[in-house]
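The values are calculated or read from the model by the stated rules, or taken from the named source; none is laboratory data. From a predicted model like this one, the values you see are computed outputs, not experimental measurements. Counting neighbours? That spans all protein chains shown, and the Cβs are built from the backbone with ideal geometry, glycine included.
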Amino acid sequence: MDNKKDLILTNSIKTAAFDNLSKFNIHHFPMIKIRSNKIKPFNLSNYDYYLFTSQNSVETFFDLPFVRVQYEENIKAICAGLKTEKKLRHQGASIAFSSSSSYSLDMINELFKKDFIKGSKIALATGNLTDYSKFEKLEEFASIDKIEVYQTIKNTRYEKNLDNLLKKGNSITVFASPSSFDAFTKIYDSTTTEIYSIGDTTSNYIKSKGFKVSTSKRQNFEALAHQISNTLNL
């Protein structure tokens, strides 16, 4: 009989960060998917800097046909966190600034102290669920155009296999965004699983819905996998 705990991942793309947790049965049931938007073409040289808040924003922006054909244009990028920076470097972008944190608000606070963007024109490449009010602070000294390059679509399809895992009552479910948790709770009973999340934004949202949640100090899957391992003494 398999007594392993089930580890359920709900993010859009399966990560290898939990593969070393051999004492778990790992399952991937994405609760959201990312869909690219159609953007009216423009000249990339219209902006001094391009601001990216996530890996999704990088992938969908550089996949736009009119962006791909302007490959010779050097994009100066501002980004949140090392993983987003790595994606940008892979695309050949020049990194003008990369924040030490992957939280947008932390990046904005760091950026606010910099002089180089004063008077500049910045394109903010992001998704439909972004809280644009966070970026109003930057508009005090720079022009910000918001370009919604992708949409986050919540999964509404019932998965019997997932429901069966939850009913066993021996699982941990990992959430990386409020939208994935919201989609999950509309279909499944969230009281039968231990809940872990990445970062304060997701954790605070889950707590606001009345659920207990554990999280990692750093906002990435590797840190959360380490947190799970330590908590359960694996």
State yes or no: is I13 surrounded by 12 or more Cβ atoms within 10 Å (Cβ to Cβ), under 22 Å from the mean Cα position of the chain (by Cα) and assigned by TED's automatic domain parsing to the domain that holds I195? yes
Does N43 count as in the same structural domain as I147 (by TED's automatic domain parsing) and either at pLDDT 95 or above or out of contact with any Leu (no Cβ under 8 Å at 6 or more places or on another chain) (or both)? yes
Cβ pairs under 6 Å, 6+ apart, first in the range 5-22 and in contact (Cβ under 8 Å) with a residue 12 or more places away in the chain, second of a type in the set (S, T, Y) and surrounded by 19 or more Cβ atoms within 10 Å (Cβ to Cβ): D6/S171; I8/S171; I8/T173; T10/S180
Out of K134, K114, K83, K121, which single residue is in contact with a Ser or Thr (Cβ under 9 Å, 6 or more places away or on another chain), over 21 Å from Q219 (Cα atoms), of a type outside the set (A, V, I, L, M, F, W, C) and outside the structural domain of N220 (by TED's automatic domain parsing)? K121
Consider L165 carefully, then state whether it is outside any strand (DSSP E or B), surrounded by 15 or more Cβ atoms within 10 Å (Cβ to Cβ), in contact with a His (Cβ under 7 Å, 6 or more places away or on another chain) and not hydroxyl-bearing (S, T, Y). yes
Answer yes or no as to whether N20 is assigned to a loop (DSSP other than H, G, I, E, B), outside the structural domain of P65 (by TED's automatic domain parsing) and out of contact with any Ser or Thr (no Cβ under 6 Å at 6 or more places or on another chain). yes
State whether the residues of the range 41-52 include one that is surrounded by 13 or more Cβ atoms within 10 Å (Cβ to Cβ), touching a Cys at 6+ places or on another chain (Cβ under 8 Å) and at negative phi. yes
Can you confirm whether the range 25-37 contains a residue that is crowded, with 20+ Cβ neighbours inside 10 Å, touching a Ser or Thr at 6+ places or on another chain (Cβ under 6 Å) and within 19 Å of D145 (Cα to Cα)? no
Residues of the range 109-134 satisfying the condition of being over 21 Å from E59 (Cα atoms) and in contact with a strand residue (DSSP E or B) (Cβ under 9 Å, 6 or more places away or on another chain): N109, E110, L111, K114, F116, I117, G119, S120, K121
